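Written out below as structure tokens is the structure these notes cover.
Coordinate-derived values only; no laboratory data. Bear in mind that the values here come from a model prediction, so they are computed numbers and not experimental data. Methodologically, a virtual Cβ is constructed for each residue, glycine included, from the backbone with ideal geometry; neighbour enumeration extends over all protein chains shown.
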């Protein structure tokens, strides 16, 4: 079985990955397919450029492999579902909290060439955060699917009903798990436990944000703008531009171009 912990960025996918690893003890992909980003790192990722070749490799199809990735394009989703040995785990989070989490990810990152410095959260939002919000909203649309080989948990669910959500993940992966083992997994996958096990670095930042954290960061302009993004993302043309046949996607691309020029202007 190939398990893909495939949540959107800053939505809890690292937490989901570690839960899945505790449940299954599955290993990484062969080094030739691995993402260079995750070498010598406690997360196993696949280089997106190697996805098709990895799935076509008969040796991988018979192995037990766990991946953490952010496959957010329609052709990647369809490729994963075309292989019966693949099961996809997803996690969804309140989009406003995603943006705040991305902000603190940026604040805590050091030594990276692209680490821009922002004076405060509003500056970050208008220069970068709203683009991340749109990316994650688009990701959620791509993965708004139903399949026996796909399940989606929520960040809120893991925070409020860890036992129930992990039991559901175990059922999906055909793993029998007791309440005592679930409690052990809760302790092993807490930010403090993961930091103690793997150390803290630019690639190991196990921060667990609070639900509703956005309320202490958003001003009225930001709140109005992200509400606009959410509303627009549910529009039929927007959805078709992301998930429709190639010809339909081409006709709807004007919609995608317009979205970045239509935003609430901060006062």
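Is one or more of the residues making up segment 74-81 in contact with a helix residue (DSSP H, G or I) (Cβ under 9 Å, 6 or more places away or on another chain) and within 30 Å of residue 215 (Cβ to Cβ)? The answer is no, given that none of the residues of segment 74-81 is in contact with a helix residue (DSSP H, G or I) (Cβ under 9 Å, 6 or more places away or on another chain) and within 30 Å of residue 215 (Cβ to Cβ). Of all residues in segment 145-159, those satisfying the criterion of being under 15 Å from the mean Cα position of the chain (by Cα) and farther than 22 Å from residue 75 by Cα are 153, 154, 155, 156, 158. Scanning segment 120-144 for residues that are within 18 Å of residue 220 (Cβ to Cβ), out of contact with any helix residue (DSSP H, G or I) (no Cβ under 7 Å at 6 or more places or on another chain) and either touching a residue at least 24 places away in the same chain (Cβ under 8 Å) or crowded, with 16+ Cβ neighbours inside 10 Å (or both) yields a single hit, 126. Can you tell me which residue in segment 175-197 is surrounded by the fewest Cβ atoms within 10 Å (Cβ to Cβ), limited to those that are part of a loop (DSSP other than H, G, I, E, B), in contact (Cβ under 8 Å) with a residue 24 or more places away in the chain and within 23 Å of the chain's Cα centre (by Cα)? Top of the filtered list is 175.
For segment 145-182, enumerate the residues that are touching a helix residue (DSSP H, G or I) at 6+ places or on another chain (Cβ under 8 Å) and closer than 28 Å to residue 82 by Cβ. Reasoning before the result, please.
Initially, segment 145-182 is screened for residues touching a helix residue (DSSP H, G or I) at 6+ places or on another chain (Cβ under 8 Å), giving 145, 147, 149-151, 153-155, 157-158, 162-167, 169-170, 173, 175-177, 179, 182.
Within segment 145-182, 145, 147, 149, 150, 151, 153, 154, 165, 169, 170, 173, 175 meet the criteria.
Restricting attention to segment 61-79, which residues are closer than 13 Å to residue 29 by Cβ and buried (at least 19 other Cβ atoms within 10 Å of the Cβ)? Matches in segment 61-79: 65, 66, 67, 68, 69.
Could we say that residue 23 is touching a residue at least 60 places away in the same chain (Cβ under 8 Å) and over 16 Å from the mean Cα position of the chain (by Cα) here? When the stated conditions are applied, residue 23 passes them.
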